[in-house]
There are 2 protein chains.
Amino acid sequence: MASITYELQKTCPHTGARAGLLHTPHGTFQTPMFMPVGTQATVKTMTPEELKDMGSQVILSNTYHLFLRPGSELIEEAGGLHTFMNWDQAILTDSGGFQVFSLGDMRKITEEGVTFRSHIDGSKQFLSPEVATKVQEQLGSDIAMAFDECIPYPADHDYAKRSTARTTRWAHRCQEARHAHDRQGMFGIVQGGMYKDLRKQSAAELVAMDFEGYSIGGLSVGEPHDLMNEILEYTTPLLPTDKARYLMGVGTADCLVEGVARGVDMFDCVYPTRVARNGMAMTWKGRLNIRNAAYSRDWGPLEEGCQCYTCQNYSRAYIRHLYKAEEILALRLVTYHNLYFLLEFMRQMRQAILEDRFPQFRMQFWDSFKK
Amino acid sequence: MASITYELQKTCPHTGARAGLLHTPHGTFQTPMFMPVGTQATVKTMTPEELKDMGSQVILSNTYHLFLRPGSELIEEAGGLHTFMNWDQAILTDSGGFQVFSLGDMRKITEEGVTFRSHIDGSKQFLSPEVATKVQEQLGSDIAMAFDECIPYPADHDYAKRSTARTTRWAHRCQEARHAHDRQGMFGIVQGGMYKDLRKQSAAELVAMDFEGYSIGGLSVGEPHDLMNEILEYTTPLLPTDKARYLMGVGTADCLVEGVARGVDMFDCVYPTRVARNGMAMTWKGRLNIRNAAYSRDWGPLEEGCQCYTCQNYSRAYIRHLYKAEEILALRLVTYHNLYFLLEFMRQMRQAILEDRFPQFRMQFWDSFKK
C-alpha cells in the first residue's frame, strides 16, 4: 500500500478542474488545496492550532532551510518535523532544489549535485538527489519532493533540454535512494521550461517512474501568466488522473482559479504570509493595504462578510493602528486573514466543482476581482 | 455606588498579605493580581483570547502612548478602548505622568502641567491633571490613575517635599475634572520619595480625597530592593483597608512576593513581555535564556510541570530554534509562558493567603528561587 493515495471525487465537465482527497500518513486533505508555507518549521506568526482553526489540512516546509538550521539530524532526534513543530496533520517538504538554485553565485551545479554556501554562516554545503532524499526522510514529511534542477526564465531550448534530462536522471537517483515508502510518498517534478516537447518528454519519463504524485515545476518563475497557463494546460493532461498534481509557488486568487481550471490539485506560496507582514490584506475584490490613511477611522472588518477570526473581532482602524505602532499582533491578524481567505477560496472552488458549477464560480470571480 | 469596590476576603495574620476581589464595570478580578501591560492597546504578541486562557482578568494600558497614537478621540469614536482592542474585561490606564517625566530634556514641567515633545513625530504636546483625566475618560478604562509627578531616585528632601505637594494639588484637580464616576474609578498615587514623613503626609492628603484605590508611586525607580520594601512596609498601613493598593512597575517573582507580604493587591510591569522578546523565560527557579546552546537538543518544556500552552506543546529545543531563526512564534511562546508564570504565581500566592499559609509559601519560594 502506497503511503500517499489520491482519490478522485469529481471532474468538471467543462474545464480540467477536479475535486478529490489526498490520503497521507497524517490524515486526509481535500483538494484542490492551498498549503501554507512553514519554511523554518513554523508558518510565520501562526500556531498549529490557528492553522487548524482556519482549515489548514496540510502545510509545506523547506528542506533547504531546515537542513541548514537546526539540521535534519536534530529534527530526526526530536521525533521528526511533526513532533518538533507540534503539527499532527500532513506535511509536504520541498527538495531544496529551487532554493539552492536561487543562490546564484553562491552555488555550483554538477551532475553529482549542488555545492553551495549557507546563507546563514557561509559554510560549504552539499545537496544531491541522495542527500535531499535522506534529509526529507529524517524530517519525516508525508510527501517528499524529488530533487530537481529548476530552469530559469527565459532559457533557450538547448539549455532547457539538457537541464530537463538531468532532472530525470536525478529523479531516478531519488527513487533509488528512498528507504521509507511506507511512511512517505514522493512527488516527481516535471520540468521542460516553456517548451512543450520537453514538458511532454519530462512528464513521460517521470510518469514511468511511478511517483506518488507529480509537480509541475519551473513555472511562476517570472514568465507571463498567459504563458504559465498555456504550459499548465498542456502539461496536466500528460499526468495520470489517479495521482495528485501540484503547482509550486502559486498563491494568489487569480492564479489559483486558473490553475484549478487546468487540473491542479495542490498549491503553495509564501505570498499570503509575506504580504501580510507589509500590511497587505487579500480579499475577494483584490488587495488592500491596511496602512493606508483611508482606514484610520474605518470600523469595518478587513473584508465584509469574512468569517475569519480577524474579521470577526477587529476593525480596519485597529489593525491599521497596530501596524503604525509596529505591533506584532498586526502581523498575526493579517496573516490569519490572508491564509483564511485562500483556504476559504479553495473550499468554495472545491464546492463549486462538486456541485457542477465551477465555470460559473470562475466567471463570477473574474467579474469582481481587481488585480 | 462607586464604579470600583474592593472586597477584602482574607488577611494573613503574620504579614500584611491579603486576598480580595476588585469589582469593576468590566467584571471582578481576584487580588493579589498581576496586570499584563498592553501599552499600545495590545499586550505585545498576544490576543485577548490568549490572555483570558492564561487567566488574565485585568490589563493595563498607557495613556501617554494612546494619547499620541492613535489618539484618544479616535479610541472614543471606536467605542472606547475595550471595543477598540476587543478586550471585555477590566482595564486600568496609567495617567501618562511617569512617561512624560521619563522624557528628560524633551519635557518641561510647570504647575499647570507638562509640555513635551512626542517621541513619534517631535510634535509639541501637553498633559495636565485635567487633560489626563479627560483622555482616560475618552479611553473608557475601568480604573484611571491620577496625574502625578514622579520623584527620581535619589532626590533630596526639599525637592521631594515640593514635588509631593504638587502631586497632591494635581490629585485635587484630577478629582475635580472627573465626569464619569459611574463607569470609571480613579486611584490616587502616594508619592514622597524615600522619606517617611512625606509618604505619611502624601497618604493622609490623598486618603482624605476618597479615591477608589491607591497606588504607591515612585518606587522601583532605581532604589535598592531593601529600601523599596522598607518604604512599602511603612506606606501600605497608612492606606484604608477597604480600598485596593497598587504597586506600579513591579513584575518579578521576588518583588511580587515581598510586595504582597506588605499588603499590595495589584502590580504591573513590562518585564515578562519585554524579556520574552530576548528569549528570557521566567521560572520558579529563576530565569533561563532559551537562546543558550545548552538547550539545542533539550526536549523538555521551558519549565517542568508548567501547565501553560507553551510548556504543554513545545520543547526548549524547538523554541530555541525559533529564536535562532528569528521567528515571531518564538516571541509568542515565551511571552505566553512568562505571563502565565506570573499569573500562576499570583494565583498560588492568593491561595496560600486564603489557606493561612502565606509565610510558608514565601519561605519555600525563597528556598528555590535564584535571582
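The values are calculated or read from the model by the stated rules, or taken from the named source; none is laboratory data. Keep in mind that this is a model prediction, so the values were computed, not measured. As a convention, Cβ positions derive from the backbone with ideal geometry for all residues, glycine included, and neighbour counts pool all protein chains shown. Keep in mind that these areas ignore ligands, DNA and RNA; they rest on the heavy atoms of the full protein, side chains included. Shrake-Rupley method; radii C 1.70, N 1.55, O 1.52, S 1.80 Å.
General remarks:
- For segment A:227-339, the strands (runs of 3 or more DSSP E) that sit wholly inside it and include 1 or more residues that are touching an Asp or Glu at 6+ places or on another chain (Cβ under 6 Å) are A:244-247, A:280-283.
- Exactly one residue out of B:Met1, B:Met54 is of a type outside the set (Val, Ile, Thr) and modelled with pLDDT under 95, and it is B:Met1.
- Residues within segment B:115-143 that are among the β-branched types (Val, Ile, Thr) and either outside the structural domain of B:Ser95 (by the TED database) or within 18 Å of the chain's Cα centre (by Cα) (or both), tallied: 1
- Qualifying residue in segment A:144-163 (condition: open to solvent by less than 10 Å² (accessible area, probe 1.4 Å), assigned to a helix (DSSP H, G or I), at negative phi and assigned by the TED database to the domain that holds A:Val114): yes
- Just so you know, in segment B:225-254 the residues that are touching a residue at least 60 places away in the same chain (Cβ under 8 Å) and among the β-branched types (Val, Ile, Thr) include one that is surrounded by the most Cβ atoms within 10 Å (Cβ to Cβ), and it is B:Thr236.
Okay, residues lined up against (1) assigned to a helix (DSSP H, G or I); (2) surrounded by fewer than 23 Cβ atoms within 10 Å (Cβ to Cβ):
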position	(1), (2)
A:Ala165	yes, yes
A:His179	no, yes
A:Asp182	no, yes
A:Gly188	no, no
A:Glu205	yes, yes
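- Some residue of segment B:91-101 being under 26 Å from B:His179 (Cβ atoms), within 14 Å of another protein chain (Cβ to nearest Cβ) and crowded, with 24+ Cβ neighbours inside 10 Å: no
- Evaluation of A:Leu68 against (1) under 25 Å from A:Arg178 (Cα atoms); (2) away from chain B (no Cβ under 14 Å); (3) open to solvent by 10 Å² or more (accessible area, probe 1.4 Å) (one fails), failing number: (2)
- Hits in segment A:33-58 - residues which are more than 8 Å from every other protein chain (Cβ to nearest Cβ), in contact (Cβ under 8 Å) with a residue 40 or more places away in the chain and of a type in the set (S, T, N, Q): A:Thr39, A:Ser56
- From the options A:Glu137, A:Glu73, A:Glu130, residue that is within 14 Å of chain B (Cβ to nearest Cβ), of a type outside the set (Ser, Thr, Tyr) and not in a strand (DSSP E or B): A:Glu73
- Flag if A:Leu92 is touching an Asp or Glu at 6+ places or on another chain (Cβ under 6 Å) and assigned to a strand (DSSP E or B): no
- Residue match in segment A:336-354 (condition: farther than 30 Å from A:Gly218 by Cα, open to solvent by 10 Å² or more (accessible area, probe 1.4 Å) and in contact with a Phe, Trp or Tyr (Cβ under 7 Å, 6 or more places away or on another chain)): no
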